[in-house]
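**Student:** One structure coming up, written as structure tokens, with questions to follow.
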Amino acid sequence: MRYERPTTLKAAAQMLAKEKGQAFILAGGTDLLVRLRTGFIEPDLIVDIKGINGSKAIQKTATGFKIGAAVSGAELGEHAALKKAWPGVVEAANLIGSKQVQGRCTMSGNLCNASPAADSVPALVAAAAKAVIVGPKGKRTVAVEEIPVGPGKTSLKKGEIIESIVLPKRPPKSGDAYLRFIPRTEMDIAVVGVGVNVTLDGKGIVTKARVALGAVAPTVRLVPAAAKALIGTKMDKAALDAMAAACSAACSPIDDKRGTRDFRIKVAGVLARRAALIARKRAGGK
């Protein structure tokens, strides 16, 4: 096994593209190293991207925030401006693992691990986040929800690397939230996860909304019908009931030892309602 630590994205992409064997990217390593130690994978090449300029940076720009691929969960939680603008996204990322894991894990790694139960991904999808991807043929930007295509599988082509995650600038009176259900009080995998993002007008009426579900389908699921149920309302009981029903209807989960199919379908609606109310409060609604 070869270990490389390039200083540019171009060099990293070339290394990955040229490797004929199994090649993996090391950002935080909280998934990769576990799989390596358990013998699940036998890499021929590991490319450490932490030495690449900008990979550990959080930049506030005129159009939002740019988060480098190697920024840890702990660093996200310590960034005051990001927490103020996107509290739901930061909260979701800070639910990944223990405090020790938080010092290493990254949102980009959580996204590329492509677990249906990833915590940060529903919040990113609800936020309309985009991934900036660099590869041998140049750079492209795609919606976060286009990255995972199945459990453990992504749409990234050979040699491609996520450079950064981009969160848009918040309109006034906007708020987001992420909630999950887990069997234990902490350090467990989500049975259901829900991200909600809303914008209100001056009268408290929802003008924009996005709702995303995790752990209820092979990939994170954006639910336009749930957003539509909220738009044009003040999130009264009828609107919340319609949103919850849309979320439950969008589920296609499995039965496993952590939760049954029917349980997940019900919980998706319950969590969506709660997350929507938190997002509304953060947007300045009553």
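**Student:** THR233 accessible area, nearest 10 Å², 1.4 Å probe?
**Tutor:** Ignoring ligands and nucleic acids, THR233 comes out at about 30 Å².
**Student:** Now a separate question. Near the amide H of VAL149, under 5 Å away, which other amide H atoms are found, from residues 5 or more places off or on another chain, if H is placed in the peptide plane?
**Tutor:** The answer is THR154, SER155.
**Student:** Also, I was wondering about something else. Once both axes come from the Cα atoms, what is the angle between helix 9-18 and the longest principal axis of the chain, in degrees from 0 to 90, rounded to 10?
**Tutor:** 70 degrees
**Student:** For region 59-139, state which trypsin sites (Lys or Arg not before Pro) are in a DSSP loop and have at most 12 other beta carbons lying within 10 Å of their beta carbon.
**Tutor:** LYS137
**Student:** What are the GluC sites (Glu not before Pro) within region 73-160 that DSSP puts in a loop, where the Cβ has at most 14 other Cβ atoms within 10 Å?
**Tutor:** Hits after loop and neighbour filter: GLU78.
**Student:** Carbon and sulfur: what percent of the chain's accessible surface (1.4 Å probe)?
**Tutor:** 56 percent
**Student:** Skipping prolines and chain starts, which residues have an amide H placed within reach, meaning under 5 Å, of the one on ILE231, given they are 5 or more residues away or on another chain?
**Tutor:** Long-range HN contacts for ILE231: none found.
**Student:** How large is ³J(HN,Hα) for each residue in region 182-190, as worked out from phi by the Karplus curve 6.51 cos²θ - 1.76 cosθ + 1.60 (θ = phi - 60°), to whole Hz, x for Gly and Pro?
**Tutor:** Result, ordered by residue: 10, x, 9, 7, 6, 6, 9, 8, 4 Hz.
**Student:** Here is a follow-up. Would you count, across region 177-282, every pair of lysines whose alpha carbons are under 15 angstrom apart, provided the pair is eight or more residues apart or spans two chains?
**Tutor:** 7
**Student:** Taking the Cα atoms only, what angle lies between the long axis of helix 261-282 and the longest principal axis of the chain, rounded to 10 degrees?
**Tutor:** 80 degrees
**Student:** While we're looking at this one, here's another question. How large is ³J(HN,Hα), in whole Hz, for each residue of region 232-237 in order, when computed from phi with the Karplus curve 6.51 cos²θ - 1.76 cosθ + 1.60 and θ = phi - 60°, using x for Gly and Pro?
**Tutor:** x, 10, 9, 6, 6, 4
**Student:** Could you derive backbone 3J(HN,Hα) for region 56-62 from the dihedral phi with the Karplus parameters 6.51, -1.76 and 1.60 (θ = phi - 60°), listing whole Hz in sequence and x where the residue is Gly or Pro?
**Tutor:** 10, 9, 10, 10, 8, 10, 5
**Student:** If you don't mind, there's one more thing I want to ask. Evaluated at 37 °C with a viscosity of 0.692 mPa s, what Stokes-Einstein diffusion coefficient in µm²/s does the chain have when Rh comes from the Kirkwood expression over alpha-carbon pairs?
**Tutor:** Taking Rh from Cα pairs, D becomes 171 µm²/s.
**Student:** Please state the equivalent ellipsoid semi-axes for region 156-283: what are the square roots of 5 times the Cα gyration tensor eigenvalues, largest first, in whole Å?
**Tutor:** 25, 21, 13
**Student:** Please name which of ALA93, GLY64, PRO148 has its Cα lying farthest along the dipole of region 54-194 towards the positive end, using unit charges on Cβ (Lys, Arg +1; Asp, Glu -1) and the Cα centre as origin.
**Tutor:** Most positive-ward Cα: GLY64.
**Student:** With n ≥ 4 as the cut-off for DSSP H runs, can you work out [θ] at 222 nm for the chain, using -39500 (n - 2.57) per run divided by the number of residues, rounded to the nearest 500?
**Tutor:** It comes out at -9000 deg cm²/dmol, rounded to the nearest 500.
**Student:** Please report, in cubic angstrom per residue, the volume enclosed by the convex hull of the alpha-carbon atoms of region 1-65.
**Tutor:** 100 Å³
**Student:** Please report the antiparallel percentage of the DSSP beta bridges confined to the chain, to the nearest 5.
**Tutor:** Rounded to the nearest five, the antiparallel share is 85 percent.
**Student:** So, one more: Highest GNM mean-square fluctuation, the chain, Cα pairs closer than 10 Å: which of ASP256, ASP44, ASP241?
**Tutor:** Among ASP256, ASP44, ASP241, the largest mean-square fluctuation in the Gaussian network model of the chain belongs to ASP256.
The values are calculated or read from the model by the stated rules, or taken from the named source; none is laboratory data. Source: prediction; values computed, not measured. Every residue, glycine as well, gets a Cβ built from its backbone with ideal geometry; the counts of neighbours run over all protein chains shown. Ligands, DNA and RNA are excluded from the accessible area calculation, which covers all protein heavy atoms including side chains. Shrake-Rupley method; radii C 1.70, N 1.55, O 1.52, S 1.80 Å.
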